[in-house]
Amino acid sequence: MNFHEWTDENGEVLIVKRIGKDRKTYGGFEWPTGIGTAVECPDWNPKAKCGGGLHGWPWGFGLGEGSDYDIIGDIWLVLGAKPEDVVGELDDGAKCKARRVVIRMEASFGDVMRKVRSGFDACVKAWCGKNKSSGYSSTAASSGNSSKAASSGDFSTAASSGDSSKAASSGDSSKAASSGDFSKAASSGDSSTAASSGDSSKAASSGDSSTAASSGYSSTAASSGDSSKAASSGYSSTAASSGDSSKAASSGDFSKAASSGNFSTAEAIGLNTCAAMAGNSGKIRVGERGAFAIAYYDDSMGWNFCVGKVGIDGIEANTWYEVKDGKLAKCD
C-alpha cells in the first residue's frame, strides 16, 4: 500500500522527519526553522529510490528505515506535502520522499506521533477487507474491535484497526501495524517493522535491523536483533532492545528503557525514569530524579554492576554515562 495516498483535512500527506541538532541532513542540506516554512528539494528525482528528495516516514510508517535516529536527542518534524509531490515505497520500503513540503510541527517524538496518528489509523483501515493472507508480498487487513490480521511471506504486510486488535506479519522486510487502544503489532523477519498506536499498545519486532515503535500511555516497544531499535513514547511507557549496537529509547514520566548487547544504548527521559543496560562499551541516560544500572564484563572479575542516581555522587539528568575502568564516567 502507498501510505502517501491518504491525506488529512488540508489535502496533505503528513510525513515524520528527524534531523540532528545542527539541522543538517545528507549532503549538508540545512533545514530551516519556523512553522509554516516551505522547503523545496534542490535536486528532485521522482524515481522510487533514496536520494533526490526530502525523505521521511509517511504517517509514521517505516519509522527507522534509512536513518539512524535518537528519539530523545533528535529534532522531530511533521512535514505536510501534496500527494502529487510525494513518491513512496522507496527501495520497496515504507519510506517516502517529497519534492516540496511545509513544516507543520517541530516537537518531541511523542507529540509528533500523536499528530500523525489519525492518518496512521486511516491507512490501517484502508487495508481492511481481508483477514488473512499468505505468500510473497501478501497483505492482511482487519478492522473492528478485537479483530486480527495475519500475513506470512517475504515483504508481507499486516494491519489491524480497532480496540484490542492484533496484527502479525512474518517474513523478511515484513511490516505489522496496529491502531487502537490495547492493540498489538508483531513482526518477525530481517529488517522487519512493527508500529502500534494507542494507549497501552504494544509493538514487537524480531530480526536484524528491525524496528519497533509504540506510542501511547503505558505503551511497550520491544525489538530484537543486532542494530535493532525500540522506541516508546507515553507516560509509564517501556522500551526494550536486544542485540549488539541496539537502541532502546523511552520518553515520558515514569518510563523505562532496557538494552542488552555490546555498544548498545538505553535512555529514558522524563521525571522519575529508570534505565538498564547490559553489555560492554554501551551508554545510558535518564531524566530528572531518574536512576540507572549498567552491567559490564571484566575479564578478571566477570560481570559487575555500576549504578547511578540523579543528584547523588554528581550524577546529572539527561546526560550520557558509560563505564570506564570499572567506574561511571560521562561520555565524551
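The values are calculated or read from the model by the stated rules, or taken from the named source; none is laboratory data. All values reported here derive from a predicted model rather than from experimental measurement. Cβ sites come from the backbone with ideal geometry, for glycine too, and all protein chains shown count toward neighbours. Protein only, heavy atoms only, side chains kept; ligands, DNA and RNA dropped before computing areas. Shrake-Rupley method; radii C 1.70, N 1.55, O 1.52, S 1.80 Å.
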| remark: Within the stretch 113-170, restricting to residues that are open to solvent by 20 Å² or more (accessible area, probe 1.4 Å), assigned to a helix (DSSP H, G or I) and not hydrophobic (A, V, I, L, M, F, W, C), the one that is modelled with the highest pLDDT is LYS115
| For the stretch 279-290, does any single residue satisfy the condition of being open to solvent by 10 Å² or more (accessible area, probe 1.4 Å), part of a strand (DSSP E or B), within 25 Å of ASP313 (Cβ to Cβ) and not β-branched (Val, Ile, Thr)? | yes
| query | When the stretch 204-223 is examined, which residues are found to be assigned to a strand (DSSP E or B) and open to solvent by 50 Å² or more (accessible area, probe 1.4 Å)? | reply | SER206
| message | Taking the criterion of being among the β-branched types (Val, Ile, Thr), open to solvent by less than 30 Å² (accessible area, probe 1.4 Å), out of contact with any helix residue (DSSP H, G or I) (no Cβ under 6 Å at 6 or more places or on another chain) and touching a residue at least 24 places away in the same chain (Cβ under 8 Å), would at least one residue in the stretch 308-315 satisfy it? | response | yes
| query | Which one is surrounded by the most Cβ atoms within 10 Å (Cβ to Cβ) among residues in the stretch 291-307 that are farther than 20 Å from GLY243 by Cβ and not small (Gly, Ala, Ser)? | reply | CYS306
| query | Do you know which of the residues in the stretch 317-332 that are under 26 Å from the mean Cα position of the chain (by Cα) and outside any strand (DSSP E or B) is farthest from PHE292 (Cα to Cα)? | reply | ASP332
| said: Just to be sure I understand the filter: pairs with C-beta atoms under 6 Å, separated by 6 or more residues or on different chains, first member in the stretch 19-45 and on the phi < 0 side of the Ramachandran plot, second member assigned to a loop (DSSP other than H, G, I, E, B) and open to solvent by 40 Å² or more (accessible area, probe 1.4 Å). Which pairs pass? | reply: CYS41/ARG99; TRP44/ARG99
| remark: Checked the stretch 41-88 for anything part of a loop (DSSP other than H, G, I, E, B) and in contact with a His (Cβ under 8 Å, 6 or more places away or on another chain); matches are GLY66, SER67, GLY88
